[in-house]
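Report on the structure given below.
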Amino acid sequence: MIRAGAAIVDITPPPGLAMSGFAARSLPAKGAHDALTARAVVIGDTAVVVADVIGIDAAMSTRIRERCVLPAENVVVAALHNHGGPVSMAGRLSIAADPTYLERLEDACIAAVDKAAAGRQHATMTIGKGSDPGIARNRRHPGGPVDASLPLLRIRDKNGAMIAVVTAYACHPVVLAADNLLWTADYPHFVRQLLEEAYPGTIALFMTGCVGDANTGHSAHASIALSANPDRTFEAAERIGRKVAEAALAASEQTISGTATARNGTVTLGFRRRETEAPEVLEKRWREEALTAEPARRSLLGYWAEWARAVASGEPEPLSARVTVLDWGGVPVVALPGEIFAETALAIRAAIGPEKPAFVVGFADDNPGYIPPSGEFLHGGYEVDEAHRYYGLAATFAPGSAETLAACAIELAAGN
């Protein structure tokens with residue numbers, strides 16, 4: 001029988017700290033709607049820890065994995081990617097991070113893993129697939145692909161009490177918009193809350209899937225505004241979270257057994273510049289446009305102009321990216337860095353096979369930005385042409401990067 005444990009550590013920042021997630025939002029948080037957390041599930045000697053922040057960079061992920069009690073190669077450090085959290089990556093997303101909070105975040109992730117590991121007990125596990133909750137939409141192409149998978153892993157102790165439930169869904173945690181000034185885990189908060197209400201005493205772990213081109217239906221540019229939107233409220237987030245949770249809870253249960261193992265791979269990702277004009281030309285044009293732009297657009301142009309001044313002329317070094325596949329009693333947990341598109345997740349699922357419910361998640365062990373499939377470069381848009389500026393990269397990831405990640409994941413899932 002396998003041994004499993006779970007733990008939660010609070011990471012809610014104080015009011016007054018800068019928020020991350022929207023270029024248009026300049027005001028700090030004024031309070032909290034719901035507690036932000038670092039949540040860990042440990043199975044055997046493997047673990048996933050998810051923090052309610054927009055991203056955790058590779059350097060912090062490495063330190064967390066090396067400092068916790070489990071073997072570093074067996075641990076996945078993921079971010080929920082909620083846009084109602086604090087700045088969590090130094091030098092990325094255009095806003096300075098608070099060093100004290102970064103230390104707290106790192107320590108909390110370690111504490112969550114260590115606490116979950118210390119609490120391990122003999123456990124049984126079941127896996128099931130929930131029905132498509134019908135929430136995610138491809139925000140780049142009407143009717144385009146989404147990863148509608150909704151696996152649910154239930155972990156019980158030897159007496160049948162639920163230790164943890166683990167689910168994942170591929171819809172951007174960005175129901176709340178730039179006008180929100182309250183700390184929040186967005187709709188995943190409500191998913192977790194309802195799962196924990198269904199199983200009193202359990203800990204719910206929500207992992208964010210491959211959401212680079214998926215949200216509830218608005219374009220990426222719709223977020224570059226400060227006006228309130230009736231479709232982007234806490235009431236809407238609760239309604240969405242309820243639909244996801246109810247679909248997950250309806251999943252059947254298939255008993256699984258066996259060991260928990262981890263396989264890692266490292267790939268090198270290159271970059272390709274999308275801008276054709278010189279950085280100084282871009283900076284001049286953007287600063288001139290900002291003089292008469294409305295406030296939200298002016299804020300965005302300010303970020304871009306600063307990027308053109310300080311970042312754009314650099315030659316980006318190839319990025320070393322970590323891919324991990326955990327095997328939890330025959331259930332693959334595929335962990336990829338960054339903002340991955342549905343096409344990539346679906347390719348991985350097709351290779352693994354439909355008979356295996358799998359978790360395919362992003363924002364794991366790094367969040368360097370969007371990594372589009374090769375076919376998306378023809379369409380341009382925010383995710384391809386602009387987002388790298390906000391992430392502090394001199395260029396976007398080169399075509400073929402997503403396919404390289406997928407190939408590594410497929411090979412690891414096959415046991416190679």
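The values are calculated or read from the model by the stated rules, or taken from the named source; none is laboratory data. As the structure is a prediction and not an experimental result, all values here were calculated from the model. Note that each Cβ is placed from the backbone with ideal geometry, even for glycine, and that neighbours are counted across all protein chains shown. Heavy atoms of the whole protein, side chains included, go into the accessibility calculation; ligands, DNA and RNA do not. Shrake-Rupley method; radii C 1.70, N 1.55, O 1.52, S 1.80 Å.
You will find that of A198, A136, A177, the residue that is at pLDDT below 95 and farther than 19 Å from A116 by Cβ is A177 and no other.
The set of residues in the range 137-167 being within 17 Å of I240 (Cα to Cα), open to solvent by 10 Å² or more (accessible area, probe 1.4 Å) and among the hydrophobic types (A, V, I, L, M, F, W, C) consists of V146, A148.
Here is the figure for the range 249-288: residues that are of a type in the set (D, E), within 29 Å of G330 (Cα to Cα) and surrounded by 16 or more Cβ atoms within 10 Å (Cβ to Cβ) total 0.
Here the range 38-67 is the region considered, the condition is being open to solvent by 10 Å² or more (accessible area, probe 1.4 Å) and farther than 18 Å from A321 by Cα, and the residue that is nearest to the chain's Cα centre (by Cα) is R39. What are the pairs with Cβ atoms under 6 angstrom where one residue, in the range 399-412, is more than 14 Å from F341 (Cβ to Cβ) and the other, located anywhere, is of a type in the set (K, R) and open to solvent by 10 Å² or more (accessible area, probe 1.4 Å)? Sequence gap at least six, or different chains. Here the result reads L412/R263, each pair linking the range 399-412 to a residue that is of a type in the set (K, R) and open to solvent by 10 Å² or more (accessible area, probe 1.4 Å).
For V384, indicate whether it is part of a helix (DSSP H, G or I), among the aliphatic types (A, V, I, L, M) and under 20 Å from the mean Cα position of the chain (by Cα). Steps first, answer last, please.
Working: part of a helix (DSSP H, G or I): yes; among the aliphatic types (A, V, I, L, M): yes; under 20 Å from the mean Cα position of the chain (by Cα): yes.
Judged against the criteria, V384 is a match.
Pairing residues of the range 4-21 that are in a strand (DSSP E or B) with residues that are polar (S, T, N, Q) and open to solvent by 30 Å² or more (accessible area, probe 1.4 Å), at Cβ distances under 8 Å and at least 6 apart in sequence or on separate chains, gives A4/Q121; G5/Q121. Among the numbered conditions (1) at pLDDT below 95; (2) within 17 Å of F22 (Cβ to Cβ), the only one that V211 does not meet is (1). Here E196 fulfils each of the conditions (1) more than 25 Å from E376 (Cβ to Cβ); (2) touching a residue at least 60 places away in the same chain (Cβ under 8 Å); (3) open to solvent by 20 Å² or more (accessible area, probe 1.4 Å) apart from (2).
Out of curiosity, is D327 touching a residue at least 40 places away in the same chain (Cβ under 8 Å), in a loop (DSSP other than H, G, I, E, B) and among the acidic types (D, E)?
On the way: touching a residue at least 40 places away in the same chain (Cβ under 8 Å): yes; in a loop (DSSP other than H, G, I, E, B): no; among the acidic types (D, E): yes.
The answer is no for D327.
The number of residues in the range 289-307 that are open to solvent by 100 Å² or more (accessible area, probe 1.4 Å) and not in a loop (DSSP other than H, G, I, E, B) comes to 1.
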